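Comments concern the structure below.
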Amino acid sequence: MVIESILFEYRRYKSLVERAIAQVEDADLYRVLGEDGNSIAILIQHLSGNLKSRFTHFLTEDGEKPWRHRDREFEETQQDRAEFLQQWNAAWEIVLGEVGALTDADLSKTVHIRGVDLTVSDALHRSLAHAAYHVGQIVLLARVFVGPAWESLSIPRGKSEEYNQNPVYEKHAGSL
């Protein structure tokens, strides 16, 4: 039941990013606010690299893979939307496959990240928090870039009472 809930949250975060960037022009994917900020493309590149590293052979290998080059994730590349979405989807395929293969009995097992022992439960919560942090950044950037044409990803302003009649964002996919 816990794994099911975590899997639902991962899917929700993935969807939020995809729905946000669908509203953004290609040029805005590389736009940076402030001198030392990250673009949407960099944040997606970083989150993809992190998730791929952490969840490839999640239970059996250290989550910081020798093939990962974290610092490069923060270097601007000129991939087109299709290329970085391919990386994004490949990383999520790994995450959803590995987490989907877990059971609640696995939560007390030990995994390693940078040589540090963590329970599966702690590693998953840490990863969810990291994903939520960057998803929030991506959504905020997208909202700023889209401006007044922005389509809400949750409850639009002034629609709370209407939403409360059918609170779909609180329901797991299987109960919709």
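Each reported figure results from applying straightforward, stated rules to the coordinates on display, with no laboratory input. Here the structure is a predicted model, which means the values were calculated and not measured. With ideal geometry, Cβ positions are generated from the backbone for all residues, glycine too; neighbour counts draw on all protein chains shown.
Counting the residues of segment 98-124 that are out of contact with any Asp or Glu (no Cβ under 7 Å at 6 or more places or on another chain) and touching a residue at least 24 places away in the same chain (Cβ under 8 Å) gives 13.
Within segment 112-131, being of a type in the set (A, V, I, L, M, F, W, C), under 28 Å from residue 20 (Cβ atoms) and surrounded by 14 or more Cβ atoms within 10 Å (Cβ to Cβ) holds for 113, 123, 124, 128, 131.
Within segment 35-48, can you find the residues that are among the hydroxyl-bearing types (Ser, Thr, Tyr) and surrounded by 21 or more Cβ atoms within 10 Å (Cβ to Cβ)? 48, the sole residue that qualifies. Scanning segment 86-124 for residues that are under 18 Å from residue 45 (Cα atoms) and not acidic (Asp, Glu) turns up 86, 87, 88, 89, 90, 91, 92, 94, 95, 96.
Inside segment 1-34, residues that are under 14 Å from residue 74 (Cα atoms) and out of contact with any Ser or Thr (no Cβ under 7 Å at 6 or more places or on another chain) make up a count of 0. Across segment 49-66, not a single residue is classified as more than 15 Å from residue 114 (Cα to Cα), of a type in the set (A, V, I, L, M, F, W, C) and crowded, with 19+ Cβ neighbours inside 10 Å.
Condition check for residue 145 on (1) in contact with a strand residue (DSSP E or B) (Cβ under 9 Å, 6 or more places away or on another chain); (2) of a type in the set (A, V, I, L, M, F, W, C); (3) in a helix (DSSP H, G or I): one failure, at (1).
The residue list 83, 76 contains one member that is among the acidic types (Asp, Glu), exposed (fewer than 14 other Cβ atoms within 10 Å of the Cβ), in contact (Cβ under 8 Å) with a residue 24 or more places away in the chain and farther than 20 Å from residue 3 by Cβ, which is 76.
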